[in-house]
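The structure appears right after this line, and notes come after that.
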Amino acid sequence: MTNHPAIELVVNRIVKDLIGGAADSAREVMAAMAQVASDSQASSLEKLFNEIDGAAMALLKICPSFAPPINVLHMMMGTIEKDIENGASVSEAKKHLAETQATFNTLIETAFEKMANIGAELIKEGDNVFMFSMTSSVWKVLRKAKEQGKNFTVLVTEARPANEGLWTVDEMYKSGIPVTISIDACLAELMARSNIGFAGVDAIAADGSVFNKAGTYLSALAAREFGVPFYFVSDTLKFDTATLLGLPFRSEPVHYHEVLGDKKYDSGVSVVGNLFDTTPPHLITAIITELGPVPPSACINVMWNMKLSKRISELLPAWAHNTL
């Protein structure tokens, strides 16, 4: 089956890592799925379902362990599954899919502002604010706090191997926010000087644990050691409903060149580790979402209120184990 050009384009962009992050990937996936529905010439609801299902399958096969794009597939497939149950017409189904896209767009547009306002209230005058790596959601919190007239300093480490912490330095400099950076090995030293800590999110599990850039777990451990409240900032699209099925996060290994560069050894030398880690719930103060601060124990309740597709849920075990 040949996929719609919009699907082929997004698949290519995801495979080649040409999209900025999970939220941007979700936007492009939603736009492509909506385009499939809008352009469909299907003469029956069954045929429309097959077109949407084929597009979802093509995207799921290459989708990394980012919850937002998968939740978009849940939203769109869940919408047409409901229409099949209700015996809707093709035109009604296409209208409902367009409405699902509109609901998604509204969520994306408003979530970051809500999270920024909530997070900024936690920052006090004169605070040292630790931030791990880089994420636009935390940057917005910091900028909102500055807009409120608060004076504070951001502390960040380099976040090897990709050095995303340097991106945070650039963004804080452009925003006029004082920033201090050090090597990753000095993470505990910086945390000891901090009043509050923040990190972004790649995915959130049903038990409230958080999957994110490697080093996040160490940051949360250091925060607990020094009595520093540690918050994650994430919209609810990053709540990974696959974990409701007990499925694991899919990580990526640290690559040889990221540690040893071009240096070669005949044998006896290897590189180990993962580029992402999982922070357990007991180290998390709260997850700041557009719904408000969510304690880890309440994450499963948020997920049960999300739209879930039977079809996508059936496919997720094979996706999680790379056998789709």
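Tabulated data for the structure shown
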{"read-out": "Some residue of the stretch 54-68 being at pLDDT below 95, under 15 Å from LYS307 (Cβ atoms) and not assigned by TED's automatic domain parsing to the domain that holds GLU290", "value": "yes"}
{"read-out": "Complete set of residues in the stretch 182-221 that are within 24 Å of ALA298 (Cα to Cα), in a helix (DSSP H, G or I) and of a type outside the set (Val, Ile, Thr)", "value": "TYR217, LEU218, SER219, ALA220, LEU221"}
{"read-out": "Odd one out for SER175, checked against (1) buried (at least 17 other Cβ atoms within 10 Å of the Cβ); (2) modelled with pLDDT of 95 or more; (3) closer than 22 Å to SER234 by Cβ", "value": "(1)"}
{"read-out": "Residues satisfying the stated conditions in the stretch 150-167, i.e. buried (at least 19 other Cβ atoms within 10 Å of the Cβ) and touching a residue at least 40 places away in the same chain (Cβ under 8 Å)", "value": "THR157, ALA159, GLU164"}
{"read-out": "Residue within the stretch 293-304 that is assigned by TED's automatic domain parsing to the domain that holds ASN163, at positive phi, at pLDDT 95 or above and not in a loop (DSSP other than H, G, I, E, B) present", "value": "no"}
{"read-out": "Any hit, the stretch 281-290, residues being in a loop (DSSP other than H, G, I, E, B), more than 21 Å from LYS213 (Cα to Cα) and at pLDDT 95 or above", "value": "yes"}
{"read-out": "Tabulated pairs, the stretch 182-194, first farther than 18 Å from TYR231 by Cβ, second of a type in the set (Lys, Arg) and outside any helix (DSSP H, G or I), C-beta under 6 angstrom, 6+ apart or interchain", "value": "ASP184/ARG160"}
{"read-out": "Filter result (assigned to a helix (DSSP H, G or I), surrounded by fewer than 22 Cβ atoms within 10 Å (Cβ to Cβ) and touching a residue at least 40 places away in the same chain (Cβ under 8 Å)) within the stretch 222-265", "value": "ARG224, THR236, LEU244, LEU245, GLU258, VAL259"}
{"read-out": "3 or more residues in contact with a Lys or Arg (Cβ under 7 Å, 6 or more places away or on another chain): qualifying helices (runs of 4 or more DSSP H) within the stretch 27-126", "value": "67-86, 90-120"}
{"read-out": "Total residues in the stretch 190-205, condition among the β-branched types (Val, Ile, Thr) and surrounded by 23 or more Cβ atoms within 10 Å (Cβ to Cβ)", "value": "2"}
{"read-out": "Residues that are among the charged types (D, E, K, R) and more than 29 Å from PHE130 (Cα to Cα), drawn from the stretch 65-119", "value": "GLU81, LYS82, ASP83, GLU85, GLU92, LYS94, LYS95, GLU99"}
{"read-out": "Qualifying positions in the stretch 1-26 - within 24 Å of ILE204 (Cβ to Cβ) and assigned to a loop (DSSP other than H, G, I, E, B)", "value": "ASP17, ILE19, GLY20, GLY21"}
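The values are calculated or read from the model by the stated rules, or taken from the named source; none is laboratory data. All figures in this text were calculated on a predicted structure; none of them were measured in a lab. For neighbour counting, all protein chains shown are included, and Cβ atoms are generated from backbone atoms with ideal geometry for every residue, glycine included.
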